[in-house]
1. When the residues of region 50-78 are filtered to those that are part of a helix (DSSP H, G or I) and in contact with a Lys or Arg (Cβ under 6 Å, 6 or more places away or on another chain), which remaining residue is farthest from Leu28 (Cα to Cα)?
2. Being of a type in the set (D, E, K, R) and under 19 Å from the mean Cα position of the chain (by Cα) is the filter; apply it to region 47-69 and report the residue that is surrounded by the fewest Cβ atoms within 10 Å (Cβ to Cβ).
3. Looking at region 29-46, which of the residues that are hydrophobic (A, V, I, L, M, F, W, C) and modelled with pLDDT of 95 or more is surrounded by the most Cβ atoms within 10 Å (Cβ to Cβ)?
4. Among the residues of region 152-159, are any in a helix (DSSP H, G or I), under 18 Å from the mean Cα position of the chain (by Cα) and over 24 Å from Val287 (Cα atoms)?
5. Which is in contact (Cβ under 8 Å) with a residue 40 or more places away in the chain, on the phi > 0 side of the Ramachandran plot and crowded, with 16+ Cβ neighbours inside 10 Å, of Gly212, Gly166?
6. If Thr107 satisfies every condition in (1) assigned by TED's automatic domain parsing to the domain that holds Val94; (2) more than 27 Å from Gly190 (Cα to Cα) but one, which is the exception?
7. So Leu155 passes all but one of these: (1) outside the structural domain of Val231 (by TED's automatic domain parsing); (2) touching a residue at least 12 places away in the same chain (Cβ under 8 Å). Which condition number does it fail?
8. Just one of (1) farther than 30 Å from Arg34 by Cβ; (2) aliphatic (A, V, I, L, M); (3) in contact with an Asp or Glu (Cβ under 8 Å, 6 or more places away or on another chain) trips up Val214, so point out which.
Amino acid sequence: MLLGVVAAGCGPTGRTDSAPPPRVGVLLASPGRRAKVEGLSAGLAALGLQVRMDVREVGGDRSRLPVAARELVLAGPDVLVAGGNIEAKALVAVTRTIPIVVAGTATPRAAGVVADERRPGGNLTGVDNFHAELTPKRLELFQKLLPGLRRVLLLYDPRVEPSREGLRLAQEVAPRLGLELVARPVAGAGDLERALGGISRAAFDGIVVLPGFVLEEAAPALAAASLASGVPAMGLYPEEAQAGLLASYGVPFEEQGRQAARLVAKVLLGEDPGSIPVETPDRPLFVVNRDVARALGLELSPTGLAFAVPVEGLPVGPFDRTEAGGGGAR
């Protein structure tokens, strides 16, 4: 799917008014990541940069990423933007010369995206969303919200380094929090159904999602399972709380796109992406969906709520948008 976008503004790209705007090619694995493009576009406009964006999104079908990546490279962009880790790997596989900026990925060095966060090397830099490293804080906030939280189901993707790292960090912090963790692998839709099979409030006090594309895509199914079983779920992205999880702690997709815009601007001004340090998150948010709490019959701790942003105060999330409105389910 090809989406063409022009970001308004004019700015210090070193071009004359008559010169065409620089071209930015964007690769997305799923419709839900379009919020990153919205943030990127807004961020570039705020910086006074006018660009032509060609957005290719593969509808959640990862097998189409290599072809979409080649098409973007053949279009001759000035800079490429990857929606996340899997998009970055697809782009690096087809070009080692066109600059690449990743609009949010977890554990970029461990995942093999960069050689070093301080000096990435090669043709790529980006934003580390810290979603693996935030796992202990995610558990802490979940317990502050629900002080009775003791037995937790962890959903992780064993194929994904950030997910494995999140699992390691969760297991490390669990004794201090007095939590019993049960980890179940999810590498596909069938795995999710098996992992959630038979869950109940009697068996688990909560579900925590670890980083991974498959799990990111499964937010609506997980929300439905949470509501049916009565077991509250904690996600990574505010968009997941909007989809029906009880809570989330992480960086909104749109914010990741805005932050990536600064790096795109640096590249367009002539900086070498390999020498631009990977940035850490600007503003993780703890988001709570009180409608879900009411539906599950939960009494939330005022202490936990004091740290939270209500989901009603956020922009409309991608799971709530229609295709006509430019979003859609991830």
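1. Kept after step one, since they are part of a helix (DSSP H, G or I), are these residues of region 50-78: 62-74.
Now drop any that are not in contact with a Lys or Arg (Cβ under 6 Å, 6 or more places away or on another chain), which leaves 68, 72.
Numbers: Ala68: 9, Leu72: 11 Å.
Looking at the filtered set, the residue picked out is Leu72.
2. Filtering region 47-69 down to residues of a type in the set (D, E, K, R) leaves 52, 54, 56-57, 61-62, 64.
If we keep only those that are under 19 Å from the mean Cα position of the chain (by Cα) as well, we get 56-57, 61-62.
Values: Arg56: 20, Glu57: 23, Asp61: 10, Arg62: 15.
Among those that are of a type in the set (D, E, K, R) and under 19 Å from the mean Cα position of the chain (by Cα), it is Asp61.
3. Pass one, region 29-46, residues hydrophobic (A, V, I, L, M, F, W, C): 29, 35, 37, 40, 42, 44-46.
Pick out the ones that are also modelled with pLDDT of 95 or more and you get 37, 40, 42, 44-46.
Working: Val37: 26, Leu40: 29, Ala42: 16, Leu44: 27, Ala45: 18, Ala46: 15.
Ranking the qualifying residues of region 29-46, first place goes to Leu40.
4. no
5. The unique qualifying residue is Gly212.
6. It fails just one condition, (2).
7. Failing condition for Leu155: (1).
8. The one condition Val214 does not meet is (1).
The values are calculated or read from the model by the stated rules, or taken from the named source; none is laboratory data. For clarity, every value in this text was computed on a predicted model and none was experimentally measured. Cβ atoms come from the backbone with ideal geometry, glycine included; neighbour counts cover every protein chain shown.
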